[in-house]
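Colleague: Here it is, the structure in full.
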Amino acid sequence: MIPYTDRLAGLLGRRKTPPYLTENLSEDLIVLDRLVKIYDTGTIKVLGLKKISLTIRRGEFVAIMGKSGSGKSTLMNILGCLDQPTLGHYYLDGVDTASLSPDELSEIRNHKIGFVFQSFNLISRTSALKNVELPMTYARKSKRERRERAMELLKRVGLEARADHMPNELSGGQRQRVAIARALANDPPLILADEPTGNLDTAASEEIMELFSRLHQDGATVVVVTHEENIAAFTERIIRFQDGEVVSDRKNRPALPESRRGKEEISC
Amino acid sequence: MLIENMSMAFAAIRVNKMRSFLTMLGIIIGIGSVISIVSIGDTMRNLFSDIYKDVGITQGYLYIGYWVEDVRESDYFTLDEMERIRDVFADEIAYIDSNAYTSADASYRRTTVSFDFSGIDANYIDVQPVDMVYGRYLNEGDILGRRRNVVMDTDSARLLFGEENAVGKTFRATIYGSTDEYTVVGVYRKNMNAFQALLMGSGGDTGSAFIPYTLLTWPNDTFYAIRVFAGDDVDLTSFFARLQAYVARTKNRQPQDWYLQTAMDEMTMVDSVMGGLSAAVGGIAAISLLVGGIGIMNIMLVSVTERTREIGIRKSLGAKTRDIMIQFLTESAILSACGGAIGILLGAGVVWIGGSLAGIPVVVKPSVVVLAVSFSAVVGIFFGIYPASRAARSNPIDALRYE
């Protein structure tokens, strides 16, 4: 629980960083401790996750794999602080998320997690720039700061020329790149991608995964949930799920995309 | 953040232009009708108070109460008594006459017109100014000499004589049973707007004329009543009370035996009746605002359902309950406030156009406008609370999964 005085300070609008948002530079970014998720459908109780214990270190590039119903989406929701475990603990950046209120979870999502979704989830009829600005708006950043940072991020994903385009004027790959720029807006320690290439063709998928690789090389922690082997192949660690349990967790030597493989071989 | 919310709200309103307009329509009609009804009421009150000012707000009538059974001859007023009253209250009384009036047919050649004759004193023009266009007003000589001279307005002159300049013309009329020849000594022009004319019941086919009040006496040269115009700075309540007491004393009666009627009391009564009436009708019109508010709530609920996914995205990006709540509240408040603003323009516009067509000065009170706008914003916020809280409470996962 947050101390009462801090809650009060929050209520009174004093902008003091709450303890659950302070930077914690421990080695382990994500620690799952005997995580259990039970879905109560009323008539039957479904065990979504069965005592998952898992650690993801800062700077890792991880794929979470599994068929539908394997529990990977459930885990994704919990990792993303969109849902909470029934039992067990999830420590994100050293903070136990189980004790946080919905609004505190919103703040965690805002500051510590960058989401990339399968269906892009850009706000329609809102320009790419405004979409990228949104997390910063909720972080109460100034208009100028938002604009500058959003332009910089769009440049980083190669879309600065499309800043004023609406989502429906962009291709799937471009939309996903806007979404990635948006995920990076508040410089979160964790990038969480849920089937980021599920709605994209092969070329665009490769483009997106390359972008993730680059982010990873720049030091970001990236967790990708996918069911496609060739997507998981880009990552350095593959965790396989089945029936709510981890069935395998192994290191992976990232396959480089076709386009870059040649260069790599020459440099070797 | 507020600006962000406003621009988001405007964007959302723009996206569904037709729907937003239809939603606003309830508020537009509600505010429009409240504004127009209250303004029409205020305009009428203003008009009545103008009329009373024209007729003379300082005037009052005094006569023996209709409830008094043993009316004596001394309860009537003689010319001498009126002169005495004028002397006793010299500081207060600006004008006094007998408030005598009668209707009679006036005939000139083959034309016969029904006329209202009002008995006046020569200085009546001081308390009820008129623009003389031909001839002169009645003078002391006409009054004291009981000359059968009259002054009439241009409309009446045209009615009876077929022309405005009727000075020197004579007509026959039978007043109090005596048929005599009357001479027009002056013609004045009436200044009143269409509505006043309608209310005053003149125009049409009836003429009106001033004659010396000394011609309109009761038997034995007495008058039934006195009419007094007080000076401008006189405390009317106290003056009329003293006048009543004085008259009662000189005629050996109690003050309450005398009936006192003042323009002030009448105006206050009319004003309060009209005020009550316009408040009541305005209140009924305000019910339509409630209906408008329910319309807003309905559309906001639809909008929240439609945008479930958007809400989920926003929540996943860090929007707090309060952020979503404020976003939707802003939207409903803006819808409602825009509707209110358009309603005010519409309501005030209708009243203004109507007023300028009828030639009446229109009164749209700023306080009513402010009240209407704040009421519509309150309606928007109140009816926005439920949809907004439903949006804000939604679970981000369910919202994200919503198709």
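Computed from the coordinates by the stated procedures, all read-outs in this text should not be read as laboratory data. All figures in this text were calculated on a predicted structure; none of them were measured in a lab. Methodologically, a virtual Cβ is constructed for each residue, glycine included, from the backbone with ideal geometry; neighbour enumeration extends over all protein chains shown.
Colleague: How fast does segment A:29-152 diffuse by Stokes-Einstein, in µm²/s, taking the Kirkwood radius from C-alpha pairs at 10 °C and 1.306 mPa s?
Modeller: Translational diffusion coefficient: 97 µm²/s.
Colleague: Another one. Quick one, can you get me the convex hull of the C-alpha atoms of segment B:254-403 expressed as volume per residue in Å³?
Modeller: Expressed per residue, the convex hull around the Cα atoms of segment B:254-403 is 149 Å³.
Colleague: Something else now. So which trypsin sites (Lys or Arg not before Pro) in segment B:61-125 pass both tests, a DSSP loop state and at most 11 other Cβ atoms within 10 Å of the Cβ?
Modeller: In loop regions of segment B:61-125 (DSSP not H, G, I, E or B), the sparsely surrounded trypsin sites (Lys or Arg not before Pro) are B:ARG72, B:ARG109, B:ARG110.
Colleague: Could I have the simple spin-label model distance between B:MET6 and B:THR222, label points 7 Å from Cα toward Cβ, reported in nm to one decimal?
Modeller: About 7.7 nm, to one decimal.
Colleague: I'd like the mean, over residues of A:78-88, of how many other protein chain beta carbons sit within 10 Å of each residue's own Cβ.
Modeller: Counting Cβ atoms of other protein chains within 10 Å of each residue's Cβ and averaging gives 2.
Colleague: Averaging sequence separations of C-alpha pairs under 8 Å and six or more residues apart, then dividing by the length of chain A, give the relative contact order as a whole percent.
Modeller: 24 percent
Colleague: While we're on this one: Treat every Asp and Glu Cβ in chain B as -1 and every Lys and Arg Cβ as +1, leave all other atoms uncharged, and give the resulting dipole magnitude about the Cα centre to the nearest 20 debye.
Modeller: 2560 debye
Colleague: How big is Rg to Rh over the protein assembly as shown, alpha-carbon atoms, Rh as the Kirkwood inverse-mean-distance radius?
Modeller: Over the Cα atoms of the protein assembly as shown, Rg/Rh equals 1.34.
Colleague: Strictly over 23 Å apart at the Cα level, which of A:LYS50/A:LYS112; B:LYS169/B:LYS190; B:LYS17/B:LYS365; A:LYS67/A:LYS251; B:LYS17/B:LYS320 would you flag in this model?
Modeller: Correct reply: A:LYS50/A:LYS112; B:LYS17/B:LYS365; B:LYS17/B:LYS320.
Colleague: Let me ask another. Using a 10 angstrom Cβ neighbour count of at most 10 plus a DSSP loop assignment to flag exposed chymotrypsin sites (Phe, Trp or Tyr not before Pro), which longest range of chain B is free of such sites?
Modeller: Result for the longest clean stretch: B:68-403.
Colleague: Please report the net charge: other residues with Cβ closer than 15 Å to the Cβ of B:VAL270, K and R +1, D and E -1.
Modeller: -4
Colleague: Note the full-extension length gain between B:VAL350 and B:LEU290 as 0.36 nm times their separation in residues minus their Cα-Cα distance, in nm to one decimal.
Modeller: Using 0.36 nm per residue and subtracting the Cα-Cα distance, I get 19.4 nm.
Colleague: Tell me which GluC sites (Glu not before Pro) from segment B:1-97 have a DSSP coil assignment and no more than 15 other beta carbons within 10 Å of their own.
Modeller: When the GluC sites (Glu not before Pro) of segment B:1-97 are filtered for loop state and at most 15 Cβ neighbours within 10 Å, B:GLU69 remain.
Colleague: For B:SER208, B:SER98, what ranking results if the residue with the fewest other Cβ atoms within 10 Å of its Cβ goes first?
Modeller: In order of increasing Cβ crowding within 10 Å: B:SER208, B:SER98.
Colleague: Can you give the relative contact order of segment A:184-250 as a percent, counting alpha carbon pairs under 8 Å and 6+ residues apart?
Modeller: 30 percent
Colleague: What translational diffusion coefficient, in µm²/s and rounded to a whole number, does the Stokes-Einstein relation yield for segment B:282-368 at 4 °C and a viscosity of 1.567 mPa s, taking the hydrodynamic radius as the Kirkwood radius over Cα pairs?
Modeller: For the chosen part, D equals 82 µm²/s.
Colleague: For the charge dipole of the protein assembly as shown, defined by +1 on Lys and Arg C-beta atoms and -1 on Asp and Glu C-beta atoms about the Cα centroid, which residue among B:GLY384, B:GLY349, B:VAL150 has the Cα displaced farthest towards the positive pole?
Modeller: Ranked along the dipole, the leading option is B:GLY384.
Colleague: State whether chain A is rounded, prolate or oblate according to the following rule on the C-alpha gyration tensor (a ≥ b ≥ c being the square roots of its eigenvalues): a/c under 1.5 gives rounded; otherwise a/b larger than b/c gives prolate, and the remaining case gives oblate.
Modeller: oblate
Colleague: Using the membrane-span-like helix rule (whole DSSP H runs, Cα extent along the own axis of at least 18 Å, mean Kyte-Doolittle hydropathy at least -1.0), which helices of chain B qualify?
Modeller: Span-like helices here: B:2-15, B:17-55, B:236-250, B:263-306, B:321-358, B:366-393.
Colleague: Restricting to DSSP H runs of at least four residues, report the calculated mean residue ellipticity at 222 nm for the protein assembly as shown, -39500 (n - 2.57) per run over all residues, nearest 500 deg cm²/dmol.
Modeller: Value at 222 nm, helices only: -15500 deg cm²/dmol.
Colleague: Per residue, how big is the convex hull around the C-alpha atoms of segment B:101-216? Give it to me in cubic angstrom, could you?
Modeller: 96 Å³
Colleague: Evaluate the charge dipole of the protein assembly as shown about its Cα centre and quote only its size in Debye, nearest 20, assuming +1 on the Cβ of each Lys and Arg and -1 on the Cβ of each Asp and Glu.
Modeller: Charge dipole, the protein assembly as shown, about its Cα centre: 3560 debye, nearest 20.
Colleague: Would you mind pulling out the separation of the Cα centroids of segment B:34-49 and segment A:83-119, in Å?
Modeller: Segment B:34-49 and segment A:83-119 have Cα centres separated by 61 Å.
Colleague: How many Cβ atoms of partner chains, on average, are near each residue of B:318-327 if near means within 10 Å of its Cβ?
Modeller: Shielding by partners across B:318-327 averages 5.
Colleague: If you don't mind, another one. How big is the dipole moment of segment B:101-216 about its Cα centre under a simple scheme where the beta carbon of each Lys and Arg is +1, that of each Asp and Glu is -1, and everything else is neutral? Debye, nearest 20, please.
Modeller: Dipole magnitude for segment B:101-216 comes out near 300 debye.
Colleague: Let me ask something else. Kindly identify segment A:142-224 as rounded, prolate or oblate by the Cα gyration tensor criterion: order the square roots of the eigenvalues as a ≥ b ≥ c, call it rounded if a/c is under 1.5, otherwise compare a/b with b/c, prolate if a/b is larger, else oblate.
Modeller: It comes out oblate by the Cα gyration axes.
Colleague: Can I ask one more? Which aspartates and glutamates have a Cα less than 18 Å from the Cα of A:LYS130, not counting those fewer than 8 places away in the same chain?
Modeller: In chain and number order, the partners are A:GLU145, A:GLU148, A:GLU152, A:GLU160, A:ASP164, A:GLU169, A:ASP187, B:GLU4, B:GLU310, B:ASP323.
Colleague: Taking every alpha carbon pair in segment B:1-140, what does the distance histogram look like in 10 angstrom bins from 0, in percent?
Modeller: Calculated over all Cα pairs of segment B:1-140, the distribution is 8, 18, 21, 15, 10, 8, 10, 8, 1 percent.
Colleague: Still on this structure, please answer the following. Given chain B reduced to its alpha-carbon atoms as identical point scatterers, what log10 I(q)/I(0) does the Debye formula return at q = 0.06, 0.08 Å⁻¹?
Modeller: Log10 of I(q)/I(0), two decimals: -0.45, -0.63.
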